[in-house]
Structure formats: C-alpha cells, structure tokens
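What follows is one structure encoded as structure tokens, with my remarks underneath.
What follows draws every value from the coordinates through simple rules; no lab data is involved. Bear in mind that the values here come from a model prediction, so they are computed numbers and not experimental data. Heads up, the Cβs are rebuilt from the backbone with ideal geometry, glycines too, and the neighbour counts pull from every protein chain shown.
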Amino acid sequence: MNNLADENWDIEITVSSNPFDLKLKDVWHYRDLLVLLVRRDFVAYYKQTILGPVWFFVQPLFTTIIYTFVFGNLASIPTDGLPQPLFYLAGITAWNYFADCLTKTSTVFTANAGLFGKVYFPRLIVPLSIIVSNLIRFGIQMSLFIVMMIVYLTRGASFHPNIYLLLFPFLLILMGMLGLGLGMIISAMTTKYRDLNFLITFGIQLMMYLTTVIYPLSVVKSKYPGYAWLVAYNPMTSIIEAFRYGFLGQGTFTMLSLSITTAITTIILLIGILIFNRVERTFIDTV
Amino acid sequence: MSVVIKVENLSKAYQLGEIGTGTIASDLERFWAKIRGKEDPFLKIGEVNDRTKKGDSNIVWGLKDLNFEIEQGDAVGIIGRNGAGKSTLLKILSRVTSPTTGSVKIKGRVASLLEVGTGFHPELSGRENLYLNGAILGMRKAEIKRKFDEIVDFSGVERYIDTPVKRYSSGMYVRLAFAVAAHLESEILVVDEVLAVGDAEFQKKCLGKMSEVSKGEGRTVLFVSHNMAAITRLCNSSILLRNGLLADYDLTHRIITNYLSIDERSTAFRQWGVEDAPGNNVARILSAGIFDENNEVYEFIDIRKPVVIKMEYEVLTDDVKLTHAFVFHNEHGLRLFDSHDINTKWKSNSLRKKGKYTAELLIPGNFFAEGKIKISPAVITSDPWELHAYGEDSISFFVKDSLDGDSARGEFVGNYGGIVRPLFNWRSDFIG
C-alpha cells in the first residue's frame, strides 16, 4: 500500500521504548538548553540580593563554625588529628555537593510539572543541569576550602596533601552519579507517592550522621566496632574519607571500599535511569 | 502531497479520582498481571469518556482508537466540547505524554505551543527569557541569536527587553512568548488555544503569522480552538472529537455544521407537530428554515452570499389581523434586530382566513457578522399588540467570513469587531 519512501518517519510515538535508551542524541541537540538552565539557576539565585554570590560562602562557613563549636569543642569528637575547621569544611563541602544533587533532582518531576506538561525536550536535561550547576557551586565552595588550607599551612599546621589527590575528579563524578541516581529514583516515585518528599528532607539529615562528615571513620571503628559497618558500607563514607585523605592526608579508605562504592553507585544510577525513563513517558498524567 | 502525520489506533486511558491512596495495591495488581503475561486488568474496564455521565469504573478513555492522516501543508482544526480529548491529542502529538495503545508517526520537527511562555522565569529579563524559552522549544542558541532582532520586533516589547518579565503586563508577556514560538523553524506547528489572550492587534498578528506559516511556507498546522470563526478562517479541514472518539474528519465548514447542530441543538430547518408547535388558539408555526441562494437548506453560509429565511404557519380562526416576523440573536445572545412584514398585502392588517400561509425574508450578503445567528420566527398582531406564536431560537445558521479579501474585513485576518459586517462603498481622494 505504501511505498518505502513513505516509511521514513522522523518521530515515532509508541507505547513502549527501550528502557535504557537515554536519547543522548536528543540531549546533545538540547545542550544549549542545559547551559541556559544552569545560568538561570545562578542568576535567579542571587537576583534582588545585596551580597549576591557571596551567599555561596556563607552557608559552609557558618556551618563549619557551628560544627567546630558543637561537635569539636562541646562533644570533643576527635578529628584524626586535623585542624577541626579544616576537617569539618572538607566534609561539609563534599557532603553538600552530594546532598544538593540529591534533593534538587529528587523534585525534578514535581517542581517542573508545569514545564514538562507543556513542551517536549529530553527530560534528562533538567537533572543534568542540576548536577552541573551544583558542580559550579561546589567549585566556588572548594575555593573557600583551598583558601582555608593555605591559611592553615602558612600558620604551620601539619597535614599532608598527597598523590591520592588525583582521585579527586573521580570522587566528584562518583558523588554526582550517586546524587543523580538516588535523586532520579526518588523523583520518579514522588510523582505518584508524595510520601517520599517527607522522607527526603529528614532522610538526608539522618544519612549525614551515618556518613563521616562530623567524625572520622577511624573513631567509629575503634569505639563501636560492632556498628562500624553501618557507616563503612555507606557509599558516601568512602568517598569523603578518600577526599579527606587526598587533601589532608588523614582518612580511612581502601581501594576495595572505593571499588564497592563505585559498584553500588553504578547500580543505583542504572536503576535511576531505568525508573526515570519509565516514569518520564506518562508522569504528567499522575503527578 | 505526502502524509506527515499518521495516527494509528491511538488510545489514551486516564485514571479518575484521587491518585495516591490505594494505588500501590492496584499498581501491584497490574505488575502481577504483566508478569504472568496477561492483559492489564485496569484497561479492560475502560469505557467511553462522557464527562456528564457517571461511569462504573475509574478508568476512562481520553482518546479511543483514533486513526487519521494529515498531509503536508494542511491547516487542520481540532474541534470538540470540553473533555472531548482535544488537549490529550495535542499532548500526545507533542510528546508530553505517551499513548496507552497505538502509535503516531511524524515526519519533520514538531513545535508545540500548548501554552505561551513555558519556562519563563519571572526574575530573568525579557532577553534572557527569550533565549531560555527558545532553547526549551528546541532552538539552538545561534539560531535565536540570528533571529533575535526579528523576534523582538515581532513582539513589540523592545523597550522592556532588559526588564525582568515579572514587571511585564500579561499582554506583553504573551507577546514576547508568542514571538519566540512564531519563529521556530519546525515543519509542524501544534497550537492550543493560546490566542485567547493579547489585544486585537496582536491576535491579528498571530493569526496572520499562522496562516502565513501554513499557506505561504507549506508547513503543517494543527490548531485547537473554541473560536469557530478563527478555525474557519485558518483551517481548510478539521477533526471533530466527541467523547474521545474521532467523530468526523472533513472540510471545516462541514465539521462545524456537524458540531454545532449536535452540540447546541441548532438546526437550519425545523418542523413542528401539532402538539409541540409554538402558538396559541389564533396561530401556530408549522416550520421554519434557512436557505441559501440555490433554495437549499443550509446552515453554513458565506458572509458574501444572501440568505433566505422562510416560515410556514397556520391561522386557526377566521377574520384575524396579524403579521409575521423574525427576531435575530447572535451567539452571545445579543438581540441584533427584529424584522416584520410591512410590504406584502398582509401589512395593512387585512383580515385573514383560516388556513396555511408562507412568509419569506431575503437578507442580502455582506450584512451579518461572522459566527452563529439564531432566529426566532413569530406571528404577531401589531395593534393592539399581541404575540400569537414564538419559536425561540428555533433555527440557526453559521456565517463564515472569507480571507479572499473581498468581504468587509478585506485583508485583515484577526478578530473583527462589530455585530454586523456591512460592506460599504468608500470614496477617497488625494487633496494636497
């Protein structure tokens, strides 16, 4: 009935598609949108503020001061012999990156329902733009950490950045993947079950205490050897420990624990993509 | 011409009621059925979507088994009552949601305008939003940059381009947003009722741009609107959806005739039985109808053509003085005018005999404004005043304006005001 030339369709809208197909070609076509969304995030963040981008430093700085006072001085939790502010700032900076990626991507569908309901573009662009804009924010906050390091070095504090610093880009990718994967799973589920919204806000808080942000893994291992696995198997722990080890020369991690983290992260990301792709197609009917 | 959109067995099921409680159980049930290779239990009980009737299941078919093809360069209107599935169809075509069954095949890029200003951020300036919105709609940055001046010029908000859009009036907002969309380089343009906003000048611009897109550039346009006048002007053919089913796909004027006659019980010809005929013991109306110049019953009349309105009535007593009249209302219920007979032999209130009479009124072309005209036939006595029979809004017809340039609207394509649309002769000279 139809000749062959008639069968060259550009777009086919069907019921099901390959669940692992990320439509990367489409994503690439929309790369300018990614850049513009990142820009929008930043500009909108400090529009009509006096301090503007300075606010990016305020949060980690004050958190560090509070942690130093509460956990360092009042509770006297040891910090592997590192200067306390430096120890906390390292943890906070890394944790913030992960936590921001997670919380922001976890609301991708619900927060953008209006946009997604009206126009098609590869949905993956939005979580990716979140990862990128958090990466930039992380970069800004890292500069604070570097300045702190230099200040402490010139004042003769003893810590030793080393060759494991080279792991830093890899750790960054791991944190991004983990935040993205978990975030996508949660965002996909919240389109139907809003319960997860409640879980995520305090869940992240609780998870921080199960990660070595305010204490080193070595302390847990010596004090509570029975429960140390709970902290040790948390994928974020080995990332933060490796991060501290690279920059400050103190931290408890092995290549094995990092490999396990990598494996877990990859699995979570794959599950995230699978669920995200499934939900993306019809979420607008249930959101 | 080649087919650019091919819709096959397209259906979309929706869940009614609250989503949240109890859905885990039904999700598991569906999952379990899927594992065993059975049909989804929730899709079997779906029924035709009629929002006015209470159904048994909480799954309805927003769209059911749609099959149609659209050819390149066609401007197709999509018509239907609220909830008929118009927006669902557009959502599937613009890939916002997926169908439940069936498929759509498309040649070329699709730009959809289900809403103007999608993704506008209130804090960002017009310029920044223009780039962002363009990118959301699928334009590359270089493409936007190239067309930037043209877009700003089209929108007419040049002066405010560096002001945050939260300070814009709603009209300016829409202008900027439509300007971006109008400059998309896509082969297919899908437009939902976005033209309801903006002032007359801008609406004219939008409709003009859309007819330019379809007629001039050979691009395909799909247009949803409740504005029948806009649809008749813009679209050569239309799809009528009713309760999620494709009721008809034909030339626009036939579709509109079909739609209006079913939905509002309008009809171009009406005949009454003895029991329900409007009237009293003096006279009753037997029938009334609208005819075109070829003396055929017709509900869809070209604005330039004359229209003949006829009625038959029966006088039930001898020696009464009476005459006949028509009352005209437009679709908004505004009374346009009355006309009663003052020039036939019955005008002098001469006494009538028992029996049947006819009356016929000719209204020339270039008189009514476009839209629906409702007519009430009447039998009256003028002095002393008495209304014997009145068939309120019992017949109606639809006036279609043309874009050929020889009706009163001339080259103007936007919403043309006024309750009548006469074509007058002008005189104008150069005097200095």
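For segment B:328-363, how many residues meet the condition of being under 35 Å from the mean Cα position of the chain (by Cα) and without any contact (Cβ under 8 Å) to a residue 60 or more places away in the chain? Qualifying residue count for the region: 16. Restricting attention to segment B:319-345 and to residues that are assigned to a loop (DSSP other than H, G, I, E, B) and touching a Gly at 6+ places or on another chain (Cβ under 9 Å), the residue that is surrounded by the most Cβ atoms within 10 Å (Cβ to Cβ) turns out to be B:E331. Looking only at residues in segment B:110-151 that are among the polar types (S, T, N, Q) and under 14 Å from A:F116 (Cα atoms), the one that is farthest from the other protein chains (Cβ to nearest Cβ) is B:N133. Taking the listed residues A:F20, A:F62, A:F121, the one that is among the hydrophobic types (A, V, I, L, M, F, W, C), away from chain B (no Cβ under 14 Å) and either buried (at least 20 other Cβ atoms within 10 Å of the Cβ) or within 30 Å of A:S158 (Cβ to Cβ) (or both) is A:F62, with no other qualifying. Residues that are at the interface with chain A (Cβ under 7 Å from one of its Cβ atoms), under 11 Å from A:Y120 (Cα atoms) and not charged (D, E, K, R) within segment B:91-109 comprise B:I92, B:S94, B:V96, B:T97, listed in sequence order.
Looking only at segment B:78-89, how many residues end up being closer than 15 Å to B:L113 by Cβ, under 16 Å from the mean Cα position of the chain (by Cα) and buried (at least 21 other Cβ atoms within 10 Å of the Cβ)? Number of matching residues: 2. Go through segment A:150-173 residue by residue and tally those that are part of a helix (DSSP H, G or I) and over 23 Å from the mean Cα position of the chain (by Cα). The number of residues fulfilling the criteria is 6.
Residues that are assigned to a helix (DSSP H, G or I) and within 14 Å of chain B (Cβ to nearest Cβ) within segment A:177-214 comprise A:A188, A:M189, A:T190, A:D195, A:L196, A:N197, A:F198, listed in sequence order.
Restricting attention to segment A:240-261 and to residues that are surrounded by fewer than 18 Cβ atoms within 10 Å (Cβ to Cβ) and part of a helix (DSSP H, G or I), the residue that is nearest to the other protein chains (Cβ to nearest Cβ) turns out to be A:I260. Looking across B:E143, B:E158, one residue alone is in contact with a helix residue (DSSP H, G or I) (Cβ under 7 Å, 6 or more places away or on another chain), surrounded by fewer than 19 Cβ atoms within 10 Å (Cβ to Cβ) and not basic (K, R). It is B:E158. Anything in segment A:28-49 that is assigned to a helix (DSSP H, G or I) and at the interface with chain B (Cβ under 7 Å from one of its Cβ atoms)? List them, or say none. If the condition is that a residue be assigned to a helix (DSSP H, G or I) and at the interface with chain B (Cβ under 7 Å from one of its Cβ atoms), then A:D32, A:L33, A:L36, A:R40, A:V43, A:A44 are the ones that fit.
Checked against the criteria, B:G405 does not count as within 25 Å of B:V297 (Cβ to Cβ), assigned to a loop (DSSP other than H, G, I, E, B) and not polar (S, T, N, Q). Among the residues of segment A:60-79, those identified as closer than 24 Å to A:C101 by Cβ and without any contact (Cβ under 8 Å) to a residue 60 or more places away in the chain are A:F62, A:T63, A:T64, A:I66. Here is the figure for segment A:67-82: residues that are among the aromatic types (F, W, Y) and touching a helix residue (DSSP H, G or I) at 6+ places or on another chain (Cβ under 7 Å) total 1.
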